[in-house]
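Step one of this worksheet: look at the structure below.
The values are calculated or read from the model by the stated rules, or taken from the named source; none is laboratory data. This structure is a prediction, so every number in the text was calculated from the model and none was measured. Virtual Cβ from ideal backbone geometry, glycine too; neighbours counted across all protein chains shown. The protein model used for the area step is the full one, side chains on, heavy atoms only, and it has no ligands, DNA or RNA in it. Shrake-Rupley method; radii C 1.70, N 1.55, O 1.52, S 1.80 Å.
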Amino acid sequence: AQPVKGPPREMPLTTSGKTLTLPDGSVVEPPRGEYATGAQVGIRPEKFVIAKGAPKSGSASNRITGVVASAVYLGASTEYEVTAPWGGTIRAFAQNLSDDARERAGETITLTWSPEKCFILPATEGD
């Protein structure tokens, strides 16, 4: 299972007990537990929910707003590469329901996910 496109460092976290923070200051609500310093968060690309624009108030606690770097039509789905606020690239997939629903390169979108959809990769030696 690939957590995020490329090496796990592309979705780096600052960890402190039960608090996981992304480089832009966003707090990630993980599955229950405590995590060692240097842990990484992973989420399978198809587990993201993609919405146009900035997050709406009251939306999911886990969210990243980014810019679509590329959108590749794959028939039944579209694969997105999204540039995160800290410069990393996140891969997400969405089912193609209509042509109007597909996001385009350059658009701002919000990726959301529920805590139970992410997994934690322990810190590696040397972190």
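Just a few scattered comments:
- Karplus-derived HN-Hα couplings along segment 82-94 (A = 6.51, B = -1.76, C = 1.60, θ = phi - 60°), whole Hz, x at Gly and Pro: 10, 8, 7, x, 8, x, x, 10, 10, 9, 9, 10, 9
- Spin-label model distance (nm) - residue 119 vs residue 27, 7 Å beyond Cα toward Cβ: 2.6 nm
- Solvent-accessible surface of protein heavy atoms, probed at 1.4 angstrom with all chains present, puts 67, 28 in the order 67, 28, largest first.
- Share of carbon and sulfur in the accessible area of segment 41-122 stands at 54%, probe radius 1.4 Å.
- Shape class for segment 62-113, computed from the alpha carbon gyration tensor (a ≥ b ≥ c): prolate, with a/c not under 1.5 and a/b above b/c.
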